[in-house]
Each structure stands twice: as C-alpha cells, then as structure tokens.
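Worksheet: one structure, shown below.
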Amino acid sequence: MDSELLERITINPEVCHGKPTIRNTRYMVEGIIEYLAGGDSIEDILQEFPDIEKEDILACLAFAARSIHIN
C-alpha cells in the first residue's frame, strides 16, 4: 500500500523548483504536512482543495514518514 501511495508524490524540476508535489501539480507535500501540523483535518484540506483526494494526503504522510526513517 505504501508504494502505491508514494506513486502519487512526484518530483519534477519543472514544477515547484523540484520540491515533492502531489501528482505533478503545484500542491507541495510540505504545504499539506504544514496544514495537518497546524491542526487542519483531512476533511478540512479536502474541502479547501477539491482536486486533492484523501489518498493524496495519506501519500504526503507516507512520504514524510519515509523521509525521516532511519535504518
């Protein structure tokens, strides 16, 4: 499941200066994580950004978790 979610996260030097984004859009992973850290719920984010799907938000969380994982 993790790998399917992570496929939603793209890194493209032509989009947002190569920062990780959701499905090659201008929605940056960093921004979604900041909304969640600020107390917004998944439902709040989905209402604010109707073209984002719940799986996109879960993918942002999976990407963040994978990014800080230490072997």
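Laid out as a table, the results:
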item	result
Residue match in region 41-55 (condition: among the hydroxyl-bearing types (Ser, Thr, Tyr), assigned to a loop (DSSP other than H, G, I, E, B) and over 21 Å from PRO13 (Cα atoms))	yes
Search result, residues across region 41-71 that are open to solvent by 40 Å² or more (accessible area, probe 1.4 Å) and among the β-branched types (Val, Ile, Thr)	ILE68, ILE70
Matching residues in region 30-50 - criterion: being under 18 Å from LEU5 (Cα atoms) and in contact with a Phe, Trp or Tyr (Cβ under 8 Å, 6 or more places away or on another chain)	ILE45
Cross-chain or 6+ apart pairs with Cβ under 6 Å, region 35-64 first and over 14 Å from THR21 (Cα atoms) and of a type in the set (Ser, Thr, Tyr), then at pLDDT 95 or above and not in a loop (DSSP other than H, G, I, E, B)	TYR35/ILE45
All positions within region 30-40 that are surrounded by 11 or more Cβ atoms within 10 Å (Cβ to Cβ) and either aliphatic (A, V, I, L, M) or in a helix (DSSP H, G or I) (or both)	GLU30, GLY31, ILE32, ILE33, GLU34, TYR35, LEU36
In region 7-29, residue farthest from the chain's Cα centre (by Cα) [restricted to those that are surrounded by 13 or more Cβ atoms within 10 Å (Cβ to Cβ) and in a helix (DSSP H, G or I)]	CYS16
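The values are calculated or read from the model by the stated rules, or taken from the named source; none is laboratory data. Note that the coordinates shown come from a computational prediction; the quantities given were computed from them, not determined experimentally. In this analysis, Cβ positions are derived from the backbone assuming ideal geometry, glycine residues included, and neighbour counts consider all displayed protein chains. Remember, those area values only see protein heavy atoms, side chains included, never the ligands or the DNA or RNA. Shrake-Rupley method; radii C 1.70, N 1.55, O 1.52, S 1.80 Å.
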